[in-house]
Amino acid sequence: MGLAAASCTTTSKPAATAAKTKQVQPAKVTFNYTAKDRDCLKRAMYFESQHSDEDGYLAVGTVVMNRLTSGAYPPSICGVVAQERQFAPGVMTREVKPQAETELATAADAILVKGARHPAVKDAMFFHTEGLKFPYDNMHYVTVAGGNAFYEKRDSNGTLETPPPLPSYEVAMNYVPGESMLPPQFEALIPSAVPVPLPAPDPLATASTASMQITAPVTAPVTSPQTAIEPEPGMPIAIPIPRPAYDSVMLRGSIPANGG
């Protein structure tokens, strides 16, 4: 008796769908800035671009941001702008004309809020007045804007001689409102509730003062008369305030031959 050969058929399963991978965005490098930093940026753009236009403002502002993110310059916008012998004399103290405020504010917010940069400035961290010539061969010019010629410093192999700045898409600018003027060492010394020593009750107090309720904490009496410092009634408590970071005009003096 012959055996019938039975064929075994299998239904092919569809190929497993490749797991979707979520692209992880690289973390941005965050720089804090204050209202004072925004003002410093506007000042640099205004005085260094010869009060020109938004294109000139953006070009100078890009140099400031390139320096800030390169790691080779001060870690704040005001620190970059006020650095000695770098930007225009009196940049921190001279008057900005009110009619320029609108364009300056627009350019500053484009840089700080929207991450805008002047595309032609590239990695340039240096510039000088347009039309000047210098004999150095490491000045790689990239563009002219606002009356200035912008350049990168590169060696004979075309490599940047300064640490390259971060591209704008890797930078996050974090606005810090109401920055405290007190450094940490002062803040740690100020308790949340300062006990105020109260004078002894006056037996001759009037009816209006006798009915007042005193809710402030009373400190323990001081036994040593040499160390007892008791404020007069109503005397305000003085909190030390440090000197401002930049309290004088930083003049550039003679500009080095290799540009500003």
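The values are calculated or read from the model by the stated rules, or taken from the named source; none is laboratory data. All values derive from a computational prediction rather than experimental measurement. Note: ideal-geometry Cβ built from the backbone for every residue, glycine included; neighbour counts use all protein chains shown. Each accessible area value is taken on the protein alone, full model and side chains, heavy atoms only, with ligands, DNA and RNA left out. Shrake-Rupley method; radii C 1.70, N 1.55, O 1.52, S 1.80 Å.
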Item checked: Pair Y169, A100: separation of 7 Å Cα→Cβ label points (nm) -> 3.3 nm
Notebook entry, point to check: Are there chymotrypsin sites (Phe, Trp or Tyr not before Pro) in the stretch 80-150 that DSSP puts in a loop and that have at most 11 other Cβ atoms within 10 Å, and which ones?
Noted result: Y136
Next item on the list: Just list whichever of K36/K153; K42/K133; K97/K122; K36/K114; K28/K114 have alpha carbons separated by over 26 Å in the model shown.
Entry: K36/K153; K42/K133; K97/K122
Note to self: Using a 1.4 Å probe on the protein heavy atoms only, what accessible surface does V113 show? Give it in Å² to the nearest 10.
What the structure shows: 100 Å²
Next item on the list: Please express the shape of the stretch 114-181 as an equivalent ellipsoid: the semi-axes are the square roots of 5 times the eigenvalues of the C-alpha gyration tensor, given largest first in whole angstrom.
Entry: 28, 16, 12
Notebook entry, point to check: Distance in nm between label sites at K28 and V113, each 7 Å beyond Cα in the beta-carbon direction?
Noted result: 1.4 nm
Next item on the list: Sticking to Cα atoms, compute the Rg of the stretch 29-175 to one decimal and its Dmax as the biggest Cα-Cα distance, whole number, in Å.
Entry: 14.4, 46
Check: Label 7 Å along Cα→Cβ of T159; the stretch 37-80 residues with amide nitrogen under 19 Å?
Finding: 70-72
Note to self: As a test of reading the structure, rank R154, R43, R85 by solvent-accessible area (1.4 Å probe, protein chains only), most first.
What the structure shows: R85, R154, R43
Note to self: Probe radius 1.4 Å, ligands and nucleic acids ignored: give me the carbon and sulfur share of the accessible area of the stretch 29-175 as a rounded percent.
What the structure shows: 49 percent
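If you roll a 1.4 Å probe over the heavy atoms of the protein chains, what accessible area per residue do you get for the stretch 26-106, in Å²?
With all protein chains present, the stretch 26-106 gives 43 Å² per residue.
The stretch 62-109: which GluC sites (Glu not before Pro) are DSSP loop and have at most 13 other beta-carbon atoms within 10 angstrom?
Of the GluC sites (Glu not before Pro), the ones in loops of the stretch 62-109 whose Cβ has at most 13 other Cβ atoms within 10 Å are E84, E95.
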Margin query: Taking every DSSP beta bridge with both residues inside the stretch 29-175, roughly what % is antiparallel (nearest 5)?
Written below: 70 percent
